[in-house]
1. Look at L136 and say whether it is surrounded by fewer than 15 Cβ atoms within 10 Å (Cβ to Cβ), over 28 Å from P195 (Cβ atoms), in contact with a Leu (Cβ under 9 Å, 6 or more places away or on another chain) and without any contact (Cβ under 8 Å) to a residue 60 or more places away in the chain.
2. Of the residues in the range 188-201, how many are touching a residue at least 12 places away in the same chain (Cβ under 8 Å) and either under 16 Å from A72 (Cα atoms) or of a type outside the set (S, T, N, Q) (or both)?
3. It is to be established whether one or more residues within the range 158-168 are loosely packed, with under 12 Cβ neighbours inside 10 Å, out of contact with any Lys or Arg (no Cβ under 7 Å at 6 or more places or on another chain) and not in a loop (DSSP other than H, G, I, E, B).
4. Of (1) surrounded by fewer than 19 Cβ atoms within 10 Å (Cβ to Cβ); (2) part of a helix (DSSP H, G or I), V198 satisfies all except one. Which?
5. Against the condition surrounded by fewer than 19 Cβ atoms within 10 Å (Cβ to Cβ), over 27 Å from S59 (Cβ atoms) and under 21 Å from the mean Cα position of the chain (by Cα), how does R229 come out, does it pass?
6. Among all residue pairs at least 6 apart or on different chains, which show Cβ distances below 8 Å where the first residue, located in the range 214-230, is more than 17 Å from V128 (Cβ to Cβ) and the second is charged (D, E, K, R) and outside any helix (DSSP H, G or I)?
7. Report yes if V110 is part of a loop (DSSP other than H, G, I, E, B) and under 24 Å from the mean Cα position of the chain (by Cα), otherwise no.
8. Just to be sure I understand, how many residues within the range 90-122 are surrounded by 19 or more Cβ atoms within 10 Å (Cβ to Cβ), farther than 17 Å from A67 by Cα, in contact (Cβ under 8 Å) with a residue 24 or more places away in the chain and out of contact with any strand residue (DSSP E or B) (no Cβ under 7 Å at 6 or more places or on another chain)?
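The values are calculated or read from the model by the stated rules, or taken from the named source; none is laboratory data. Predicted model only: the values in this text are computed from it and were never measured. Reconstructed Cβ throughout: ideal geometry from the backbone, glycine too, with neighbour counts over all protein chains shown.
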Amino acid sequence: MTVTQSTDKPLDNKAGRLSGRELVIRYGFLVLLLGMVVYFSIAADGFASPQSAVFIFQSVAITGILALGVTATLVVGGFDLSIGSVATTAMMASAYVMVVMGGDAITATVVCIAIGVLVGLINGVLIVYMRVPDLLATLGMMFLLVGLQRIPTEGRSIATGMSMPDGSIANGTFSPGFLALGRHRFDFILPNLLPVSVVVLLVLAVLIWFFLQYTRFGRMMYAVGSNERAAQLAGAPVNAYKIGAYVISGVFASIGGILMAARLGRGDIASGNNLLLDAVAAALIGFAVLGAAKPNAFGTAVGALFVGILLQGLTMMNAPYYTQDFVKGAVLVVALVFTFALSQRSRK
C-alpha cells in the first residue's frame, strides 16, 4: 500500500501540475495579447472605444478568413502563397461581373467561389500529381493571377463610370445586398458594432475548427500532414485530402475577396498587397496559442486578432508606417520561439 502511494504521487504531480516553462508555452502568448490590449488602451487615446473595436474587427475579418485557408494547407503539410492574389482576383471578378457586365450579386458570388475552387484544384494537381513543390506551385499561381486580373482593364481599378479599353463605359453598379456584406453592422451590446464580415469569420472559424478537430476527414488531414507515408499505408486517400486542403484555401480566399469588394464598393487593384503576409503571420502565430505547436483554427483566429490589435494600436500611437512590418516580424519571431524552441526543450 505504501509502495502504491509513493508510486502514484509523482505521477499525479506530473499529470496535474505544469512547470514554469510549460505555463509560459501554453499561456504566455495569451498574456502577451492581454498585456498589449492594456498597454494600447492606456497609451493610445480612443483605442478602447467602440469605433476602434469596429475598425479592428473589420481589418481582422478578411485577414482571418484567408489565414484559415492557409491553416488548412498547413494541416496537410503544405503551404499556399497564392491566397492574397486569389482574394484580389475574386474582388476584381465580382466588380467586373456587376460593374462591367451588369450582373447581379448572386452571379458575382458564384463566379468568385468558382475561381477559388478552380485555383485550389490547379494548385493541388500541380503539387500532388506534377510533383511541383508547394511553395513553387503556389508562387507561380500567385504571379499568374496578379497578371491575369489586370488584363481585362489594362491594369486599372474597376469602378462605375470607368472607360474600358474598347472605349465603352462601365455603367453597372454594386447591388445594395452585395455591399451590405462588407458594410452592414449588427447591434451587439452597442448599436452598429458587429460587422457582417466578422460574423462570417466567426462562422467559418467554428466550421473549420469543428471539421479539423471532430470529424474523421479533419483528423485524417492532420495524419497526412504528420506522416504522409503512414497515412497512405493505412489506406487514406492522401492525394484527395491534399487537393481538398488547397480547394478549401482557394474558397476561403475567394470569400475574403468578396467581402473586400463589398466593403470598398470597387475593384481596387492594389488593395490586396498585404493580405498574404498578414494572413501567413496570423496562421503561424496560431501555432503559439495555448502551446498547440501545430496549425489550428482557434489559434489562427487569435493570431489574426493579435495582428489587427497590434496594427491598430501602432497606428493610433502615430507610429511610422514603415516600422509596422518590423514590429509584426518581431512578434512573429517571438511567437515561433514560444512554439518551437521552448516546447522542444520541455520535451527533452
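1. yes
2. 9
3. Within the range 158-168, one or more residues are loosely packed, with under 12 Cβ neighbours inside 10 Å, out of contact with any Lys or Arg (no Cβ under 7 Å at 6 or more places or on another chain) and not in a loop (DSSP other than H, G, I, E, B).
4. Unmet condition: (1).
5. Taking the combined requirement at face value, the residue does not satisfy it.
6. Y222/K294
7. No, not satisfied.
8. Matching residues across the range 90-122 total 8.
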